[in-house]
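Shown next, in structure tokens, is the structure this report addresses.
Every read-out reported here was derived from the displayed coordinates using simple, explicitly stated rules and does not represent laboratory data. Worth saying up front: this structure is predicted, and the values here are computed from it rather than measured. Cβ: placed from backbone, ideal geometry, glycine included. Neighbour counts: every protein chain shown.
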Amino acid sequence: MRSASRNARRLAVLATCGPLLLGGLSGCTTTQEEAARKQAESKRILERHERKREWRQATRKGKSG
């Protein structure tokens, strides 16, 4: 009867830890998705700054000539 008790404990531990592990893994993907969004936003900001800088340079060249 001892082994049945051990199996029941193992099953209880697995039933408790399984959802916790799955929740932790889903949290990681959320973090990865958030990082990807922030990286895309940063890229858009840098591209916008670059276009603005190029526009200013083109405007200055036109005025100095």
Problem - Sites C28 and K52 - FRET efficiency at Förster radius 35 Å, r taken between beta-carbons, to 0.05 - result: 0.45
Problem - Net +/- balance of residues flanking H49 in space, Cβ distance below 14 Å, scoring K and R +1, D and E -1 - result: +3
Handout entry: Ellipticity estimate at 222 nm from DSSP helix runs (n ≥ 4, -39,500 (n - 2.57)) divided over the chain, nearest 500
Key = -36500 deg cm²/dmol
Handout entry: Degrees between helix 2-64 axis and first principal axis of the chain (Cα, 0 to 90, nearest 10)
Key = 0 degrees
Handout entry: Options L22, T59, Q39, ranked by Cα towards positive dipole end of the chain, top entry (Cβ charges)
Key = T59
Problem - Option label - log10 I(q)/I(0) by the Debye sum over Cα atoms at q = 0.13, 0.15, 0.29 Å⁻¹ computed here, alternatives [x] -0.50, -0.65, -1.43; [y] -0.65, -0.72, -1.06; [z] -0.45, -0.56, -1.20 - result: [y]
Practice task
Count the lysine pairs in region 18-65 whose Cα atoms sit under 22 Å apart, keeping only pairs 8 or more residues apart in sequence or on different chains.
Solution key: 4
